[in-house]
Structures are given as structure tokens and as C-alpha cells.
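A short reminder: the numbers here are calculations on the coordinates, not readings from a lab. Values in this document were obtained by computation on a predicted structure and should not be read as measured data. Cβ coordinates were reconstructed from backbone atoms using ideal geometry, including for glycine residues, and neighbour counts include every protein chain displayed.
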Amino acid sequence: MRVFERLDQYRHWTAEERLILDQVRRVAAEIIAPAAAGHDKESSFPWDNIRALNQLGLNTIFIPEAYGGAPMRYRLYLACVQIISEACAATGIIYATNFHGMKPLIDFGTHEQKFRLLPIIANGGLGALAITEPEAGSDATGMKTRFREDGDQIVIDGGKLFITNGDVADLMLVFGKWDGIADPKGAISALILERGTPGFQVLRLEDKMGHRGSSTAAIAFESCRVPRANLLGEPGEGLRILFGALNKSRPSVAAHALGIAHAAFTDMTTYMNDRRQSGQRIIDFQGNQFSVADMATDLAMTEQWLDYVAGMIEAGETDVGQEASMLKLRASDLAMRIAIECVQMHGGYGYCTDHRAERLMRDAKITQIWEGTNQVHRQLIGRSFAAR
Ligand SMILES: Cc1cc2nc3c(=O)[nH]c(=O)nc-3n(C[C@H](O)[C@H](O)[C@H](O)COP(=O)(O)OP(=O)(O)OC[C@H]3O[C@@H](n4cnc5c(N)ncnc54)[C@H](O)[C@@H]3O)c2cc1C
């Protein structure tokens with residue numbers, strides 16, 4: 001296990017960053033992890049966890065100072081996501097979704113928009129990102145939600161599906177098509193919807209396999225009126241904003257998946273050292289050692305790739321689509337693989353709820369589906385090598 005501790009040492013965190021990470025680890029161990037099984041069982045939203053994270057100021061580390069934030073490096077944000085997700089994947093995705101929804105506002109919004117809206121998040125509000133629709137999943141360009149200009153307002157009609165934080169968000173970044181632009185891709189636009197807007201409706205919350213403490217909402221917009229001042233960029237700039245946003249949210253969901261992978265790896269190896277059969281520990285069987293070796297190696301390599309992609313983004317590189325896809329693909333496949341092996345190494349006990357192995361396996365599955373399914377990522381990566 002020292003290999004992962006050494007990897008962290010070579011990240012060269014500053015003293016301030018180490019202090020923050022120590023605080024996050026403490027809250028994860030003392031508050032978040034002990035409550036995870038209960039939130040999973042009851043499907044209850046982990047408000048206590050969110051309050052504890054906000055008390056540490058984690059809701060401000062991606063917000064510029066001018067708008068109420070206390071910004072830190074992107075790599076530090078990713079490390080926080082990983083630590084939180086290792087303790088409770090549901091809390092991890094609620095926290096990360098704040099970033100996914102609000103980062104495009106930070107990157108593409110005007111000073112006026114950021115000045116007006118970002119303090120809501122800095123003061124503890126939650127964000128959401130609404131792209132998916134019943135008939136527009138992997139192909140987001142098929143979305144049907146309409147934005148119609150009416151004086152100094154935009155009228156939204158349509159609906160979204162599977163929206164994380166959709167019922168609890170104070171600010172929601174919504175993608176839709178601008179009325180009057182014929183090109184289906186060129187019409188995609190983005191705006192911020194504020195909590196309490198008349199015509200916004202939560203239709204239902206999904207009953208899910210995993211991440212049961214996080215809420216996943218089907219929502220509807222019925223003549224929802226939003227100030228035109230909430231439009232990000234110009235009409236038709238949505239796709240550019242979406243691609244820019246995905247480059248930063250994909251490393252974030254990869255960090256979340258790596259949190260699950262680490263939790264599963266730790267539980268698995270701890271149990272393998274403890275459990276004895278045929279007179280020896282199950283980690284002493286060579287076949288099992290080969291399996292652990294492969295998983296540990298892939299985990300260490302994927303962590304390094306996360307650092308590499310984070311470094312590119314911190315350096316201001318914007319063309320990181322392939323690297324981010326590779327990271328999301330590998331981290332999520334690994335989370336699923338290690339979670340399955342964790343159950344397997346626990347034998348029959350792994351199939352029962354006394355251990356968290358079965359929860360980790362349920363939590364891991366969605367990481368291969370959201371933020372672009374892994375088939376889509378394989379396609380994007382493979383296609384990039386095709387000669388034009
Ligand atoms: C718990 C949860 C939380 C979510 N949170 C959010 C959120 O906060 N905001 C948001 O906007 N969305 C969210 N989503 C939606 C998620 O991103 C989509 O479910 C995902 O993009 C897949 O879309 P789909 O479900 O419509 O599947 P489909 O696109 O219908 O795909 C079905 C199958 O077909 C395959 N497929 C589709 N196209 C291709 C292709 N070109 N090549 C090969 N195979 C293909 C897919 O890989 C998949 O296996 C969430 C979903 C869940 C379940």
C-alpha cells in the first residue's frame with residue numbers, strides 16, 4: 001500500500017494544500033464514511049455531509065475570489081472529489097456536480113453574471129447541470145428543450161432527465177435550442193436557471209441501483225421565464241460551452257471513480273489479509289496475488305494519468321478531449337473491475353450488506369455510463385487516430 005502514499009508525496013502539495021487535504025480526510029473519516037451506508041439504505045440526501053464540506057470551504061475552492069471564492073489548484077479540487085467519493089460516492093457526486101454546473105459560468109459568464117450568481121454557491125448553494133433528455137442521451141444534440149426570446153426574457157419549454165441535484169439545486173446550467181436557429185447543433189445555447197422560477201417542476205426522483213443518497217431528478221420547464229441576462233455567451237454558443245465544460249468535468253468524474261476504486265482496493269486487500277482458508281490467508285494464494293498486482297498497477301498508472309491531465313488543464317491547455325476521454329474511460333472501468341473483484345474476494349460475505357463491497361459495486365456501475373458512456377469514449381479515442 002505504500003506505493004499510493006508515495007505517489008501522493010510526489011504531488012508536491014503546498015503546506016496550505018496539505019492542511020486542506022488533512023481536513024477533508026478528517027471530515028471524510030469522521031462524518032461522511034460512517035453515514036454512507038445509512039444514506040444508501042434510506043435513499044436520504046446527505047445534507048450533514050454537504051454542510052460539513054461547506055464548513056471547510058470546499059464549495060469555494062473553484063470560485064474566483066472576486067465572487068466570494070477562495071480558489072485553489074484544479075488538482076486540489078480533484079483530490080477533494082477523490083477523498084470524498086472514497087468515503088461516500090453519493091456525496092462525492094453531489095459535491096462534484098456543483099463544480100460541473102458552475103465551472104462553465106466561471107469560464108464563459110460575464111462579470112455581471114458571475115458577480116450576481118456565484119455568491120449563491122459560495123454561500124452554500126448547490127449547482128446542477130442539465131443536458132440529458134428522454135430522447136437525447138449519448139447524442140445530446142438531439143435535445144428538444146426550447147429557448148424562446150421574449151423581450152428581455154427567455155422562455156424555456158421542455159424537460160430534462162437524470163439530473164443530479166435537479167431537485168435541490170439553487171442554480172442550474174440548462175442547455176436547450178434557440179428558437180429561430182435552424183441548424184440543430186448551431187441552435188444549442190446555455191443559460192442559468194435560478195431556484196424558484198415559476199414553471200419549473202420536479203416530476204420524480206429516480207430509484208437507482210447505486211448512489212442512492214444522491215438525487216437524480218426528471219424535471220420539466222413549462223413556460224419558465226429567465227432573464228436574458230442569464231444567457232451564457234451568445235445564442236448558439238452552447239455546444240462550444242458544453243465541450244469546454246466536459247473537458248473539465250470528465251477528469252472530475254474520473255477522480256470520483258478513482259475514489260470508489262481506492263475504497264474497493266483497500267477493503268479487498270484488508271479482507272484478503274484477514275481471511276484464512278486451507279490454512280493460509282487468501283492473499284497468500286498466488287492466483288489472488290496476480291489479480292491484486294494487476295489492479296494495483298492499473299490504479300497507480302491511472303492516478304498518474306489523472307495528474308498528467310490535471311497538469312495540462314492547469315497550464316491552460318484547452319485541447320484535452322482525447323486525454324480526458326482516456327482518463328474517464330480507464331478510471332471508470334477500473335472502478336467497476338476492482339469493485340467486482342472486491343466482492344469476489346469477500347466470497348459470500350461480499351454479496352451481503354454487512355460489508356460495503358456490494359455498495360461499492362453498485363456505486364461503480366454508473367461511472368461507466370455518465371459523462372459519456374464508455375462506448376462513446378472508446379469511439380472518440382479510436383476515431384482520433386483515423387487518418388483524414
Ligand atoms: C445516476 C445518473 C446521474 C446522471 N446525472 C446527469 C446530470 O447531472 N446531468 C445530465 O445532463 N445527465 C446526467 N445523467 C445522464 C447520463 O449522462 C446519460 O444517462 C448518459 O449520457 C447516457 O445516455 P442515455 O442514458 O440516454 O443512454 P443512450 O445514449 O440511449 O445509450 C444506450 C446505450 O447505447 C450505447 N450507445 C449510444 N450511442 C452510441 C454510439 N454512438 N456508439 C456506441 N454505443 C452507443 C450507449 O453506450 C449505451 O450503452 C445521469 C444519469 C444517471 C443514471
Between 0 and 90°, nearest 10: helix 321-345 axis offset from the chain longest Cα axis: 40 degrees
All-pairs alpha carbon distance profile, the range 21-124, 5 Å steps from 0, percent: 2, 13, 25, 23, 17, 11, 6, 3, 0
Cα-based Rg / Dmax (Å) for the range 338-388: 16.2, 54
Peptide ranges 164-173, 61-70, 282-291 listed from the most packed, as the mean C-beta count within 10 angstrom indicates: 164-173, 61-70, 282-291
The range 292-365: GluC sites (Glu not before Pro) in DSSP coil with no more than 14 other Cβ atoms inside 10 Å: Glu317
Per-peptide average of other Cβ atoms within 10 Å, ordering 20-29, 79-88 highest first: 79-88, 20-29
Part-to-part distance (alpha-carbon centres) for the range 286-311 and the range 115-141, which is given in Å: 32 Å
Charge dipole (debye, nearest 20) of the chain; +1 at Cβ of Lys and Arg, -1 at Cβ of Asp and Glu: 380 debye
Which listed pairs, of Lys208/Lys328; Lys41/Lys365; Lys114/Lys177; Lys103/Lys177; Lys185/Lys365, have C-alpha distances above 27 Å, in listed order: Lys185/Lys365
Nearest-ten-degree value, helix 374-383 long axis tilted from longest Cα axis of the chain: 80 degrees
Diffusion constant of the chain at 20 °C, which comes from Stokes-Einstein with the Kirkwood Cα-pair radius and 1.002 mPa s, µm²/s: 99 µm²/s
Mean separation of Cα contacts under 8 Å, 6 or more apart, over the residue count of the range 192-320: relative contact order %: 18 percent
Calculated SAXS-style log₁₀ I(q)/I(0) at q = 0.13, 0.17 Å⁻¹ - the range 150-275, Debye, Cα scatterers: -0.66, -0.98
Normalised alpha carbon radius of gyration of the range 280-388 [divisor 2.2 N^0.38 Å]: 1.29
The range 1-68: C-alpha pair distances exceeding 13 Å, %: 73 percent
Taking the chain and dividing mean pair separation by its residue count, relative contact order in percent (alpha carbons under 8 Å, at least six apart): 16 percent
Packing-based ranking, highest mean first, of 329-338, 175-184 given that Cβ atoms within 10 Å are counted: 329-338, 175-184
Span from the the range 1-40 Cα centroid across to the the range 357-384 one, whole angstrom: 25 Å
Shape box of the range 97-203 [Cα atoms, principal axes, largest first, Å]: 39, 29, 26
Helix axis angle, 89-108 relative to the chain longest principal axis, alpha carbon, degrees: 40 degrees
Percent of C-alpha pairs per 10 Å bin, the range 192-249, short to long: 18, 31, 42, 9
The range 1-144 - percent relative contact order, Cα under 8 Å, separation 6 or more: 21 percent
Taking only Cα atoms of the range 231-312, radius of gyration then Dmax in Å: 20.0, 69
